[in-house]
Amino acid sequence: MQDKKVEKLIKSEAKRQAEGLELIPSENYVSEDVLKANGSIFTNKYSEGYPGRRYYGGQEFTDQVERLAIERVCKLFNCKFANVQPHSGAPANLAVYAALLQPGDTVLGMDLSHGGHLTHGHPMTLPAKIYKFVTYKMKDPDTGEIDYEDLRRVALLTKPKIILAGFSAYPRTLDYKKFVEIAHEVGAVTMADMAHIAGLIAGKALRNPFDDGFDIITSTTHKTLRGPRGGIILTRENEEIAKKIDKAIFPGIQGGPHMHIIAAKAVAFGEASTPKFKIYAKQILKNAKAMEQVFKKNNIRMIGGGTDNHLILADVFGSLGVTGKEAQTVLDEVGITLNMNSIAGDTRKPLDPSGIRFGTPAITTRRFKEKECKRVAELMILTLKNKNDKKVKEAVHKEIKKLAKKFPIPKKFV
Ligand SMILES: *Cc1c(COP(=O)(O)O)cnc(C)c1O
């Protein structure tokens with residue numbers, strides 16, 4: 001690169017990624033092919049509109065690449081319509097709201113402190129200023145089961161236009177059929193925000209909400225799906241809804257699509273369609289279970305009692321007297337990246353909560369199996385229990401670096 005300043009920063013970040021272990025459950029590593037498409041000359045092109053209906057000329061190849069991405073993602077998730085233009089997960093969700101709601105209309109989604117996402121109605125967000133968000137919760141944070149009776153009661157009372165399933169900090173599975181039943185009862189559209197688990201659904205390790213009759217799925221493409229940073233909106237079969245969503249993305253909330261990203265999405269959808277991806281998705285779950293076992297053995301409380309997916313939420317303050325922020329900082333010191341997280345009923349503040357959230361998608365991409373994941377969990381607990389012991393921390397850091405070296409970030413997808 002001619003720009004030495006930026007080049008140096010990229011190199012430093014590459015070193016950081018190579019030498020540390022990434023346990024943030026929303027992060028992953030893309031293949032060299034995805035990276036290539038992502039950095040391709042499609043970035044030079046303006047292509048407002050949709051394939052065959054653009055406002056500028058020169059669209060022979062943009063049309064083909066966007067059609068390819070749509071075709072692949074529809075096959076992958078078993079649906080009729082897809083919009084692959086959302087710049088990320090947040091605009092994808094905003095577009096669905098804009099497509100189906102009038103200002104003041106109601107959305108029923110998961111309570112944020114019980115695992116829902118900011119874009120599901122956090123008061124600081126634009127959607128929360130335009131629409132009304134009501135919530136459902138877990139019945140008991142120690143089992144993680146959703147309180148479906150209460151969900152139904154709130155739905156009957158508030159008549160939401162959208163019932164939203166999906167989460168970014170919930171370790172169990174949802175009963176999609178129950179959501180659909182309740183939505184039919186109140187005439188709501190069902191929307192599943194699968195940002196975290198799209199790769200697990202694509203790899204058939206978790207259930208596809210479309211198989212239980214959901215109308216819409218939104219997702220990011222850069223989490224378990226291992227694609228470029230971006231979003232998608234899928235519609236199972238209702239063409240009228242799909243058309244409204246297209247209009248809501250463009251010209252509703254976005255301008256020109258990012259064609260280099262769409263090219264990279266097409267590559268990622270191709271990779272996610274392979275048998276190898278199924279093995280990858282299953283291994284993510286096995287690895288999370290392996291870590292769960294170590295936490296259980298050490299009597300550390302986990303929200304939901306454990307995990308059925310790729311992530312674990314541990315109450316480190318309640319179990320070890322270490323706050324979420326302290327845990328995040330001390331683990332960073334030994335080369336493990338994860339994030340502090342509020343837990344259901346947290347008495348501490350969001351900037352220093354009781355919990356940590358971590359997961360296995362990225363280390364599974366690095367080919368970690370159960371054995372290595374168990375060891376990482378043990379090292380995490382050892383560090384947390386000895387957070388002020390320099391010697392212990394140095395030894396852990398050394399072992400983490402060794403593990404990272406033994407399992408380099410793969411360039412090839414398979
Ligand atoms: C990550 C995430 C999003 C937001 O995605 P961005 O790409 O960060 O905008 C939306 N919903 C859920 C459930 C997520 O986990």
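The values are calculated or read from the model by the stated rules, or taken from the named source; none is laboratory data. In this text the structure is predicted, and so the values were computed from the model without any measurement. Here the Cβ positions follow ideal geometry from the backbone for every residue, glycine too, while neighbour counts run over all protein chains shown.
Figures for the structure shown
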item	result
Residue list for region 289-303, filter: within 21 Å of PRO353 (Cβ to Cβ) and either in contact with a strand residue (DSSP E or B) (Cβ under 7 Å, 6 or more places away or on another chain) or free of Cβ contacts under 8 Å to residues at least 24 places away in the same chain (or both)	MET291, GLU292, PHE295, ASN299, ILE300, ARG301, MET302, ILE303
Unmet requirement for ILE217, which otherwise passes all of (1) under 15 Å from PHE77 (Cα atoms); (2) surrounded by fewer than 24 Cβ atoms within 10 Å (Cβ to Cβ)	(2)
Number of positions in region 126-177 that are of a type in the set (Ser, Thr, Tyr) and in contact (Cβ under 8 Å) with a residue 60 or more places away in the chain	4
Every residue from region 229-258 that is farther than 13 Å from PRO91 by Cβ and surrounded by 24 or more Cβ atoms within 10 Å (Cβ to Cβ)	LEU234, THR235
Neighbours by Cβ (under 6 Å, 6+ apart or cross-chain): first from region 273-286, at negative phi and surrounded by 14 or more Cβ atoms within 10 Å (Cβ to Cβ); second of a type outside the set (Val, Ile, Thr) and part of a loop (DSSP other than H, G, I, E, B)	PHE277/GLY203; LYS278/GLY203; LYS278/LYS204; ALA281/GLY203; ALA281/ALA205; LYS282/ALA205; ILE284/HIS310; LEU285/ALA205
Sole residue being over 30 Å from MET340 (Cβ atoms) and touching a Gly at 6+ places or on another chain (Cβ under 9 Å), chosen from ASP3, ASP33	ASP33
Flag if LEU76 is surrounded by 20 or more Cβ atoms within 10 Å (Cβ to Cβ), within 16 Å of the ligand (Cβ to nearest atom) and in a helix (DSSP H, G or I)	no
Candidates GLU394, GLU370, filtered to the one that is without any contact (Cβ under 8 Å) to a residue 24 or more places away in the chain and either of a type in the set (Asp, Glu) or not assigned by TED's automatic domain parsing to the domain that holds SER113 (or both)	GLU394
Meets criteria (surrounded by 22 or more Cβ atoms within 10 Å (Cβ to Cβ) and under 24 Å from the mean Cα position of the chain (by Cα)) for ALA37	yes
The one condition in (1) within 20 Å of the chain's Cα centre (by Cα); (2) surrounded by fewer than 16 Cβ atoms within 10 Å (Cβ to Cβ) that ILE261 fails to fulfil	(2)
Residues satisfying the stated conditions in region 293-331, i.e. in a helix (DSSP H, G or I), under 21 Å from the mean Cα position of the chain (by Cα) and within 17 Å of THR383 (Cα to Cα)	GLY324, GLN328
Residue within region 179-199 that is aromatic (Phe, Trp, Tyr) and crowded, with 23+ Cβ neighbours inside 10 Å present	yes
Boolean, GLU292 is of a type in the set (Asp, Glu) and either more than 28 Å from GLY39 (Cβ to Cβ) or surrounded by fewer than 21 Cβ atoms within 10 Å (Cβ to Cβ) (or both)	yes
Residues within region 163-205 that are within 14 Å of the ligand (Cβ to nearest atom) and either out of contact with any Asp or Glu (no Cβ under 9 Å at 6 or more places or on another chain) or not polar (S, T, N, Q) (or both), tallied	19
Filtered residues of region 368-408 (kept if surrounded by fewer than 17 Cβ atoms within 10 Å (Cβ to Cβ) and not charged (D, E, K, R))	ASN386, ASN388, VAL392, ALA395, PHE407, PRO408
Selection within region 358-377 - outside any helix (DSSP H, G or I) and farther than 26 Å from THR143 by Cβ	ARG366, ARG367, PHE368, LYS369
Positions within region 217-244 being over 11 Å from MET194 (Cβ atoms), within 11 Å of the ligand (Cβ to nearest atom) and of a type in the set (D, E, K, R), in sequence order	ARG229
When residues of region 100-129 are limited to those that are crowded, with 23+ Cβ neighbours inside 10 Å and part of a helix (DSSP H, G or I), the one nearest to the ligand (Cβ to nearest atom)	THR119
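For every residue, the table says whether it meets (1) of a type in the set (Lys, Arg); (2) within 24 Å of ALA314 (Cα to Cα); (3) outside any helix (DSSP H, G or I).
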site: ILE356; (1), (2), (3): no, yes, yes
site: LEU379; (1), (2), (3): no, yes, no
site: LYS387; (1), (2), (3): yes, yes, yes
site: ALA404; (1), (2), (3): no, yes, no
site: PRO408; (1), (2), (3): no, no, yes
